[in-house]
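Data first, discussion second: the structure below is written as structure tokens.
The values are calculated or read from the model by the stated rules, or taken from the named source; none is laboratory data. Only a predicted model underlies this, so the values are computations on that prediction, with no experimental measurement involved. With ideal geometry, Cβ positions are generated from the backbone for all residues, glycine too; neighbour counts draw on all protein chains shown.
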């Protein structure tokens, strides 16, 4: 390579010629041939060193040294296969975990959205502050969106959308599908092309047309190339398919379900076909226009486009589309990245201890090399080369494991979390992992080199004195501290999970099956929907094995809750602005079916329908907030009207009388959510012409209490729907307990990941502690033998080793507790029912670490106790 071999041969020949000449001169001076040659060699000096120094003058010699070091390292590692495999697996474990989370962070949080020039895409929304409620976010009205489209020159495009779930009829039958209504210019704003057909055009707003996703095209339309022009029924309306989106286009991002897209069509009042007058807004900023400039220009138009809306929601906000998509997963991903970084540090500390132990066994080799003229710098280069080689192999194995893990994660969670369908291991990430391997390998070489230098100095100073390095013990203490952090976070997550499982929901979910239905024709008369839902309710009540049935618009742990948030006034009590309550529509048998406890008064009865006053139930939170200090039963409440407001502004202001108080129950699907003031209205006792009755008729949610097996009650309910209401489409049918379990999926995943990291860290710490103690016993074998010869018992020798293990755990726990507090504070938003530095969790972690340390120290302590003092003295 680079002519080194030829130059080296020439240099060797020149040296031999020089030594031969000097030898001849010595012979001529009267020396014997052997003595003459030895004298000539002594005069010339170290031939290998001369060759090496001459090579440095030629240039590029450092590369030859690297090649030599790599070859030497391969031979050495091949001769120590057990050590090599252990070291590679230890580092591969840490680097694989880091590479996996880095790949997820890179794909989800760092890389642009898979849309053309996605950095220019922004989401617009409004913010408004109301007294007592804080700041809330609001979608822009269609009138405001149209004004932005017309008058803001900073935008290259403005689009709007709303995502719904509606019945869709195809040749294969009726299914509930994701239906996204979009403005006709939305896909052009996003920069999307079609796979088949065309996108929406301006005139399509008044046409019955649709686009479909690739998933819908394949699953529901069998991937037919003749799909364009096919008619399907969406929410009771026949529409014609005009285009199919490409396979990599999922909008909204993270929606893996088959989706149908229909154009937004507005009526004279500015509402769409689904009675919505606002939508999520996406804009594309023109090239060369900053986000700040665009927002400033937009705010001016926004303030005058819809004065009534702008007065309530007067502040416009703009965030990048990517940030909007990933807002819910940013903190968990960064927290996981921190956890795997801790795991990598533990793996590196363990690897350093392994290398220190190997360095001790290589001391004779190193002494010979230094005696031949090798400098510490030269030894450092060889050690760094060996360590980098091991690190690169570990990084390759870790990257392969990361690729498999990312593939499995994408398949498992691609449709559950935003952008997880885009997960991939990109080439820049592999370069980053390789760079990390080089850094780890370089840093890890320092420990063995320091150990070699210390042992050489110690041997020269006192040959027969046992000297132990403190570095391995320090590294084990570091592992213990870092493991304490991971175990503490795992414990906090476990306690949070248990606390959520033990939350008092306020209702009895056992033996309750929930069923959510929707009319196939969303435009049918509200009175017909009400009659159908009532007929189904009575049919379900008549089924054999069914104890009770209720309808409830705010069905706990349902994805389709419909709750009215109304400003409420209690008669006889001063009204304060911002006092609101949540209103849920239920049926007469609500208390019995839900298992909620009736604390005061009575429940609904059939006779309430003939009464002149609408009766309601309220929960404890409502009583504490609005009726504290007075008798709740008999109190009168109603929606509050400001001066000048009419039925058009407050559509339902009928007086309501409280007849009972029930226990607080969880609303929505979050076990950790606080209880809200709730008012329960009997849906069947509402006036038939009531607007509330009409609004809540768009979807029917039933809770059925029955001890029948899950499959049996499901079959009975489906049969009843098919016979009594074939015009209703099933959205979900599942046990309520399954809904509760599903609400904990994200926390359960976090617990498994962090718990897995903690278990691996604990194993690495135990292995590291065992290795250090075993090595220490080997070094102290002479000392232990002398102690026992002088009368020390085996118990005291065992205690000597156990105290050494205890000291490492103690010195690791002190900084570990501080790190655990910091980690708990960092993840405090994920905790529920537990403090950031929970004493119970901390005590449990400490006990686990002590138990593991005891187990790791057992075998070295046993070996120490079995040392034969006579054998040791004879060896002396």
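Output the residue which, of all residues in the range 519-531 that are out of contact with any strand residue (DSSP E or B) (no Cβ under 7 Å at 6 or more places or on another chain), part of a helix (DSSP H, G or I) and in contact (Cβ under 8 Å) with a residue 40 or more places away in the chain, is surrounded by the most Cβ atoms within 10 Å (Cβ to Cβ). Break it down stepwise before answering.
Start the filter on the range 519-531 by keeping residues that are out of contact with any strand residue (DSSP E or B) (no Cβ under 7 Å at 6 or more places or on another chain), which leaves 521, 523-528, 530-531.
Within this subset, residues satisfying the condition of being part of a helix (DSSP H, G or I) are 526-528, 530-531.
Filter once more, so that each one left must be in contact (Cβ under 8 Å) with a residue 40 or more places away in the chain: 526-527, 530.
On the way: 526: 18, 527: 13, 530: 20.
My answer is 530.
Would you pick out the residues in the range 642-673 that are touching a strand residue (DSSP E or B) at 6+ places or on another chain (Cβ under 9 Å), modelled with pLDDT under 80 and closer than 30 Å to residue 498 by Cβ? 667, the sole residue that qualifies.
Is it fair to say residue 76 is assigned to a helix (DSSP H, G or I), buried (at least 16 other Cβ atoms within 10 Å of the Cβ) and within 27 Å of the chain's Cα centre (by Cα)?
On the way: assigned to a helix (DSSP H, G or I): yes; buried (at least 16 other Cβ atoms within 10 Å of the Cβ): yes; within 27 Å of the chain's Cα centre (by Cα): no.
No; evaluated as a whole, the condition is false for this residue.
Taken across the range 363-385, residues that are farther than 30 Å from residue 78 by Cβ, assigned to a helix (DSSP H, G or I) and modelled with pLDDT under 80 do not occur at all.
Does the range 101-122 include one or more residues that are at negative phi, assigned to a strand (DSSP E or B) and in contact (Cβ under 8 Å) with a residue 40 or more places away in the chain?
Taking the range 101-122 first, the residues at negative phi are 101-116, 118-122.
Okay, now just the ones that are also assigned to a strand (DSSP E or B), so 121-122.
Pick out the ones that are also in contact (Cβ under 8 Å) with a residue 40 or more places away in the chain and you get 121-122.
Within the range 101-122 (the criterion being at negative phi, assigned to a strand (DSSP E or B) and in contact (Cβ under 8 Å) with a residue 40 or more places away in the chain), the answer is yes, since at least one residue qualifies.
When residue 748 is tested against (1) surrounded by fewer than 19 Cβ atoms within 10 Å (Cβ to Cβ); (2) assigned to a helix (DSSP H, G or I); (3) in contact (Cβ under 8 Å) with a residue 24 or more places away in the chain; (4) in contact with a strand residue (DSSP E or B) (Cβ under 9 Å, 6 or more places away or on another chain), exactly one condition is not met: (4). Only residues that are outside any loop (DSSP other than H, G, I, E, B) and more than 21 Å from residue 231 (Cβ to Cβ) were counted in the range 166-208, giving 6. Restricted to the range 228-270, and to residues there that are free of Cβ contacts under 8 Å to residues at least 12 places away in the same chain and within 28 Å of residue 298 (Cβ to Cβ), the residue that is farthest from the chain's Cα centre (by Cα) is 268.
If you check residue 763 against the conditions, is it part of a helix (DSSP H, G or I), within 30 Å of residue 98 (Cα to Cα) and modelled with pLDDT under 80? So residue 763 fails the test.
When residue 422 is tested against the conditions (1) closer than 17 Å to residue 753 by Cα; (2) modelled with pLDDT under 85, the lone failure is (1). Of all residues assigned to the range 419-428, at least one qualifies as being surrounded by fewer than 16 Cβ atoms within 10 Å (Cβ to Cβ) and within 23 Å of residue 327 (Cα to Cα).
For the range 540-591, a residue qualifies if it is closer than 22 Å to residue 715 by Cα and outside any loop (DSSP other than H, G, I, E, B), and the qualifying residues are 540, 541, 542, 546, 547, 548, 549, 550, 551, 552.
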